[in-house]
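This report refers to the structure that appears directly beneath it.
The values are calculated or read from the model by the stated rules, or taken from the named source; none is laboratory data. Please read all numbers here as calculations on a predicted model, not as lab measurements. Virtual Cβ from ideal backbone geometry, glycine too; neighbours counted across all protein chains shown. The protein model used for the area step is the full one, side chains on, heavy atoms only, and it has no ligands, DNA or RNA in it. Shrake-Rupley method; radii C 1.70, N 1.55, O 1.52, S 1.80 Å.
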Amino acid sequence: MVQTNTLSNRSQLSLPANSQTLSGYFLTNFQKSLNAFARAWNKYQPNDSLSNDRKQDLYWLESTLQEYKISIHPSTRSQEFWKGYTDGKESRRTLSDSDSPRVAQTLLKASANPKTTQIYELGIQVGWRYVRLKDYLVRIRKQRKLEESKQVQDYQQFLSFLRQKADLEDMDSFVSFGWRGERKLG
């Protein structure tokens, strides 16, 4: 029996055994996610007060991915990057995380001096920005779906109104057909 990748069994999927294959697994999934983010961005074309900042996040994530492929992925320290990535994602998602102050300090230190950012710190930044961008795009998608649904509902109400009006006008024309010709001038 073939097991498909669904939300209910995703946690049961087996991860690759060695660290290089594991890094490749994370890299492949991260690339797919970034591509999906880019497609979502092009589809929804966000244009609110946060859109410029989130677009910069997308560009930064794409350029950091290229940097990772060149300098970190081939090294033995790629696991350190993905550990930071996971910690960054978790710290962005949880408010009462006991590691949040440490992660916040790491993010501030990394943004203050990006030239001295270590691999783990870079991973934290990537994970944190990834979740921030994902949350933003999910919110934009929901907002657009709600707007589309509202437009469809408004359009259906308008059509219903037009149909009712047309039906009434048809009745009016039958009732008042003879009446219109008897108009008094003067």
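Quick look at the numbers
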| read-out | value |
| --- | --- |
| Selection from the range 135-146 of residues that are open to solvent by 20 Å² or more (accessible area, probe 1.4 Å) and in contact with a helix residue (DSSP H, G or I) (Cβ under 7 Å, 6 or more places away or on another chain) | R141, R144 |
| Entirely in the range 27-122, the helices (runs of 4 or more DSSP H) that have 1 or more residues that are open to solvent by 20 Å² or more (accessible area, probe 1.4 Å) and at pLDDT 80 or above | 51-67, 78-93 |
| Qualifying residue in the range 154-162 (condition: open to solvent by less than 90 Å² (accessible area, probe 1.4 Å), more than 30 Å from E62 (Cβ to Cβ), at pLDDT below 90 and under 28 Å from the mean Cα position of the chain (by Cα)) | yes |
